[in-house]
1. Could you pull out the residue among A:LYS71, A:LYS103, A:LYS95 that is open to solvent by 70 Å² or more (accessible area, probe 1.4 Å) and within 30 Å of B:PRO585 (Cα to Cα)?
2. Take region B:79-111 and flag every residue that is part of a strand (DSSP E or B), of a type in the set (Gly, Ala, Ser) and open to solvent by less than 30 Å² (accessible area, probe 1.4 Å).
3. Here is a check on your reading of the model: is B:GLU548 at pLDDT below 85, assigned by TED's automatic domain parsing to the domain that holds B:VAL686 and closer than 30 Å to B:LEU116 by Cβ?
4. What are the residues in region A:28-47 that are among the basic types (Lys, Arg) and either within 16 Å of A:ASP59 (Cα to Cα) or open to solvent by less than 20 Å² (accessible area, probe 1.4 Å) (or both), if any?
5. Does region A:46-67 hold any residues that are of a type in the set (D, E, K, R), more than 11 Å from chain B (Cβ to nearest Cβ) and either under 30 Å from A:LEU128 (Cβ atoms) or not in a loop (DSSP other than H, G, I, E, B) (or both), and which are they?
6. Quick check on my filter: what residues within region B:491-529 are open to solvent by 10 Å² or more (accessible area, probe 1.4 Å), assigned to a strand (DSSP E or B) and either outside the structural domain of B:LEU554 (by TED's automatic domain parsing) or near ligand 1 (Cβ under 9 Å from one of its atoms) (or both)?
7. Mind listing whichever residues of region B:368-380 are modelled with pLDDT of 85 or more and not polar (S, T, N, Q)?
8. In region B:385-418, what count of residues is obtained for those that are among the hydroxyl-bearing types (Ser, Thr, Tyr) and either surrounded by fewer than 16 Cβ atoms within 10 Å (Cβ to Cβ) or in the same structural domain as B:MET186 (by TED's automatic domain parsing) (or both)?
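The values are calculated or read from the model by the stated rules, or taken from the named source; none is laboratory data. Remember, predicted model here, so these are calculated numbers, not experimental data. Don't worry about glycine lacking a Cβ; one is built from the backbone with ideal geometry, like all the others, and counts go over all protein chains shown. In case anyone asks, the SASA skips ligands and DNA or RNA and just uses the protein heavy atoms, side chains included. Shrake-Rupley method; radii C 1.70, N 1.55, O 1.52, S 1.80 Å.
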Amino acid sequence: MHADNILRELKMLDPRHVRVLEARLDEVDVEIEGRVYCGVRPRRPFPYSYPEIVIFYRDEEELGMLRDYRKLDPRSRELLERVLRIIYFMPRVKKILGVRSAKGKYEWRVVTDKGPVTFYTWSRCIRLLRDGRLLIRDADGRVYMVEDPEKLDSKSRLYLSMMM
Amino acid sequence: MGGDEDDDGIKLYPSSGELPPPLRELLEEGEEVVAVARSDLVGDEYGEKHVVLTNKRLLVLNERLEYEVPLSKITMASLRSYINTCVMALDTDEGPKSVVVFTKARLKAFENLVSLINNLVVGKIPYSLLKRQLLKRVKAEAERKSSKAVLLRLLGLLKPIAPLLAATIVVAVAMRLVNLIPPYLMKILVDEVLTTRAHVEKLAQIALSLLAVNLVNTALGTLNGYLSTKLNVAVANRLRYKVFSKLQELSLSHYDRFTSGSLFSRVIDDVNRIQWFMTGSFNMIFINAAMIAFIGATLVTLNPWLTAIALLPIPIAILGSAIYRRLAARYYHRLWRRWSRIVSIVSDAINAAILVKSFGKEPTFREKFSESLEEYERAQMDVFKFEQEIWPAVGLAFTASNILVWWMGGLQVLSGAMSLGSLMAFTSYMWMFYTPVFSLLENVKSLQRAAVAANRIFEVLDLEPEVEERPHARDLELGGEVECENLWFTYDGVHYALKGVNLRIRAGERIGLVGPSGSGKTTLVKLLLHLYEPQVGTIRYDGVDVREIKSSSLKRQVAIVLQNPILLDTTIAENIMLGREDASPEEVIAAAKAARAHSFIMRLPEAYDTEVGSRGSRLSGGERARVALAAALLKNPKILILDEPTAALDALTEEEVTEELERLTKGRTTIIIAHRLSTLRFVDRVVVMDEGKIVEEGAHEELLRRGGLYKKLWEAQLKGLTRMSAAAVSEGYAR
Ligand SMILES: Nc1ncnc2c1ncn2[C@@H]1O[C@H](COP(=O)(O)OP(=O)(O)OP(=O)(O)O)[C@@H](O)[C@H]1O
Ligand SMILES: [Mg+2]
């Protein structure tokens, strides 16, 4: 299995030949190599480790993969990001106001870039990503990101370390 | 049958004094005794027979020579195992011969013996080579048995932290010596200030001194706490690191042998025990010795007479605690048994949760659990009652001697022979004296216990990886040719999973390996990857013995997908990248596509960044298999080994994966194990195994024509299919 041999199957797209025409909630209309596809869903194969990679899907069909969507023209990029922000909605934690145990779960009160939230987690809820970022998964399966744990205030850090 | 724990029933290269007497006359010129194994049965009675392996013969002695056979006439030695007993048997030129029976306590000994014999007669290992290996083992074992050597070795291991250890001891001794000062100050206070009512100015001095002592003491205490914690961590980390890296190095066969975590929990316990000893008891030995010397001297200077009285209760207490220990062992052992029962119920309920729940056994478990809790409680009460009985008696001895000291001392104070301050100081010191004495006795015991624990740790540290890479092993660019010659392998020393397998695979050849369950297919491929060392036989890559090839080199170029692949508790991407750590994300996706894993991965919200759970438990069996396959494909290996890669897949996915495999394995040495013979349609040659042997090989049609085991397997699968379609057809008619 030689690398280029299998890589051919990936349908890599040239960002110069891809234009995003419109964005609707979680769908885009794209023009790929001159053909227009409607109702296309962008997906990130590596949402945390390589967020810049995007694969376009129309239903189950894979239209192709962009190695770095940021290389699209500014208008296309703006439209695509609008959709990605919805599909990969993820509040960033700015401050932890308190964590206390309640009925076998833990109640977190935090301030995120999307506003203040209260959520509940089980005891093993923190995932450490390779690059040092943290993910907190709540009991409903929602995920909150801590971009740079070191940058939080000391009280927030204390709460975090308590839960790690 | 008793027998102490150290008696392992086999002696390698015994000295002539250790030989059973009748043997000495039987030895010929130039004959060397390699091993003497002792059975613990004679027929169905307890007794002892000696089975002696020399470089020429095997002899069985029971008072006198019972049986002998030259090694040249033995074709193979083997063991058969029953519930309590095992029998060692030989295949000889004169036919099979059962040699000796023994209980399972001696299984290890005879496993050793059988493997020695087979190495010589089946493996044809040169005797001189075997001897060299054995002598090395004998030496290492002898070193482990001397407990002084063990402690020295332990200290040697901890050498890098010696300065820390010394500092801890010095500070702790200093702290306790400072503690000795206040009673002395009190003596001065009473004798020179309070009773004489003179030197009032000294009052302030003494008060200030007391304050100073207290401050110094607090400072030393803090320092002591800091140093002990540091030492604690340092000791534990050093040992754990050593042990852990050793565990990683061990062969799979060791893991098989120490099943169900007993090895691991034991090692962790032992490390804890030593950590405890090094930080708790080891420095206390020095501290206590120093304290006994200092306080003893002070007591004697204050009043030798009273010192003698004060010493009286010590022997009584020692006696008492000896009795206590003997009785306590019973009570505490029972308590411990009850406790471990509770632990095992809980761990069963958790680890086998699926099983427990699917059989609806939760109520039974709850009941068992509450029963054992009650039992534990009862055992605890017994311990409590027992403790209540023994210690008051010992306490009485101390109280008596204490009263005696006050009485005799009081008389001396009244007669003016002793000052009041001295008497007060004496009684304070007296109590201070008892503590280090008993503590020292305790220390000696924990020294012995630590030696036992250290011994067990060294036993693990000394385990030689059975899969031994020769020191001059080298990197080898594999061409793809593989050859097995006369492979014999057993996991347990009793049952042989491989019995003389010979197989040659040309570079680029694709082999299908089939055979009934348990016929040794998986075992064979594990051996190819050198995860185990065969008892007999050789594996060669491009004509080079696998033992001469660096393990890292081999594992880089040979990929294996195991039958029930286990994944690491990390993301899918990282599991695939086990195949190649520096792979780009595109390559990861490409490999997953080839393994038909991409589409299910993309359906997960976190896609390749999804965590799979411990052992991959959050994925289905078929998904796990495809992730593991992707990892193997990403490696782009010279040799690809697939152990039932499609077993967990549905028929459609299986078909897709098979097609992909056909394409990807072109020109690559490939071994595919499969039960569903249809997945093997593209292989160049089918190899059929049965009961540890290769029974047929050839192309599909050729094997069908031959009408052997392969044909039977093929027909059985066809029959299943035709029955089904027949049923479908008849159902169609019925409608
Ligand atoms: N780890 C082990 N410890 C002890 N015995 C083992 C171990 N693994 C396998 N065996 C035994 O070795 C023999 C061969 O097993 P092996 O796994 O090689 O069979 P197989 O041909 O792969 O069977 P299957 O088709 O069921 O996978 C069996 O008798 C099995 O019980
Ligand atoms: Mg198998």
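1. Values: A:LYS103 fails: within 30 Å of B:PRO585 (Cα to Cα); A:LYS95 fails: within 30 Å of B:PRO585 (Cα to Cα).
The match here is A:LYS71.
2. Within region B:79-111, the subset part of a strand (DSSP E or B) is B:79-81, B:85-92, B:95-103.
From what's left, of a type in the set (Gly, Ala, Ser): B:81, B:89, B:95, B:98.
Listed by number, the residues that qualify are B:ALA89, B:GLY95.
3. Working: at pLDDT below 85: no; assigned by TED's automatic domain parsing to the domain that holds B:VAL686: yes; closer than 30 Å to B:LEU116 by Cβ: yes.
No; evaluated as a whole, the condition is false for this residue.
4. A:ARG41, A:ARG43, A:ARG44
5. Within region A:46-67, just A:ARG58 meets the criteria.
6. B:TYR496, B:ALA497
7. Of everything in region B:368-380, those that are modelled with pLDDT of 85 or more and not polar (S, T, N, Q) turn out to be B:GLU371, B:LEU373, B:GLU374, B:GLU375, B:TYR376, B:GLU377, B:ARG378.
8. Residues that pass the stated criteria total 2.
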